[in-house]
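Taking it in order: structure first as structure tokens, then the write-up.
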Amino acid sequence: MTVVAEGKTTNEAIENGLKQLKVPRDFVEIKVLQNDDKRSFFSILAPRVVKVELTVKENVKKPETIKTQKTEISISPENQQKAKENVEKFLEEWVKTLPEGTQYHVSTNETGVEIQIHNSNLGHLIGYRGETLYALQTILSAIAAKGVEQKMRVLLDIEGYKEKREKTLQELAQKVAKTVVKTRKSITLEPMQAYERKIIHSQLQGHPKVETMSIGEEPHRKVVISLKK
């Protein structure tokens, strides 16, 4: 796919083209078609215009915007109970290796299993930006699924980390949105877990002036916040 964009500077023209294609700069080949750096005396008062041609590189998939339609999951009571027993059996032994006073609570619903672990000395199980927590969540997902015929979602939280992180990301989304509106330039956030990207998307879903999309491949997928057309 190729587009031609204009701007007062080369960077502005490129930025306008990227907005049309909805891809990051690394995904395109850029060709300057018109640059008024060397203008004649008679055209010096005319508005400066730079034209560039942007072509999406081959074998590069255009990033998709977030899907708002959800696939409903309905886990049978029998499978809920089986998954809960699997998780509780593991936690009963594992918690013995954790700091004294660690407590856990396992609950189920139609989408799967939710696990809460509490102890103020479990920071090492959360890790930087929750990396360790999400790794543990993946392990617990495999444990919960043993002998269960349906696919289910397993959510783990430690000492309320996710709730605190959610609030931080919501505030970040609003702050970045204001910057995008003010500067009229797109901003790409650092790589995030799918759960965290969803928070950003949801927070700005109804924003009148900006839109969001995810780009890149896991585990380096990022959220881009840009002005609506």
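Taken together, the values in this text are just the output of simple stated rules run on the coordinates, not laboratory data. Bear in mind the structure is a predicted one, so any value in this text is a computation, not a measurement. Cβ sites come from the backbone with ideal geometry, for glycine too, and all protein chains shown count toward neighbours.
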*Of all residues in region 171-196, which are part of a loop (DSSP other than H, G, I, E, B) and aliphatic (A, V, I, L, M)?*
Leu189, Met192
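List the strands (runs of 3 or more DSSP E) that sit entirely inside region 71-170 and contain at least 1 residues that are among the acidic types (Asp, Glu). Let's see the steps before the verdict.
Details: elements: 103-109, 112-118, 153-158.
Correct list: 112-118, 153-158.
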*Within the group Gly101, Gly112, which residue is at positive phi and in contact (Cβ under 8 Å) with a residue 40 or more places away in the chain?*
Gly112
*Identify the residue in region 176-229 that is surrounded by fewer than 18 Cβ atoms within 10 Å (Cβ to Cβ) and within 8 Å of the chain's Cα centre (by Cα) and, among all such residues, is farthest from Pro24 (Cα to Cα).*
Tyr195
*Which of the residues that make up region 108-133 are buried (at least 19 other Cβ atoms within 10 Å of the Cβ) and under 17 Å from Ala194 (Cβ atoms)?*
Gly112, Gly130, Leu133
